[in-house]
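In what follows, a single structure is set out as structure tokens and then discussed.
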Amino acid sequence: MKHEAKELHRISARLAVIDQKCDLILSQLSALRAREGLDALIDRLHRQARAMRHDRRR
């Protein structure tokens, strides 16, 4: 009985570590998505600026 309790505690501790790692990975993925969104916005603004400059030259 005591051995089973220790084993359950060990498994619970390992699952907690895995949960923490999953949370960290999800957080990093969210940060990457945010950066990609900013990159897309910057690219779109650059394209608009180039188009406006090109239109002004006509």
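Confirm whether Ile11 is within 30 Å of the chain's Cα centre (by Cα), at pLDDT 85 or above and among the hydrophobic types (A, V, I, L, M, F, W, C). Considered against the rule, which asks whether it is within 30 Å of the chain's Cα centre (by Cα), at pLDDT 85 or above and among the hydrophobic types (A, V, I, L, M, F, W, C), Ile11 comes out as yes. Quick one: is Glu7 open to solvent by less than 80 Å² (accessible area, probe 1.4 Å) and either in a helix (DSSP H, G or I) or out of contact with any Leu (no Cβ under 8 Å at 6 or more places or on another chain) (or both)? For Glu7, the condition - open to solvent by less than 80 Å² (accessible area, probe 1.4 Å) and either in a helix (DSSP H, G or I) or out of contact with any Leu (no Cβ under 8 Å at 6 or more places or on another chain) (or both) - is met.
The values are calculated or read from the model by the stated rules, or taken from the named source; none is laboratory data. This structure is a prediction, so every number in the text was calculated from the model and none was measured. Cβ coordinates were reconstructed from backbone atoms using ideal geometry, including for glycine residues, and neighbour counts include every protein chain displayed. Each accessible area value is taken on the protein alone, full model and side chains, heavy atoms only, with ligands, DNA and RNA left out. Shrake-Rupley method; radii C 1.70, N 1.55, O 1.52, S 1.80 Å.
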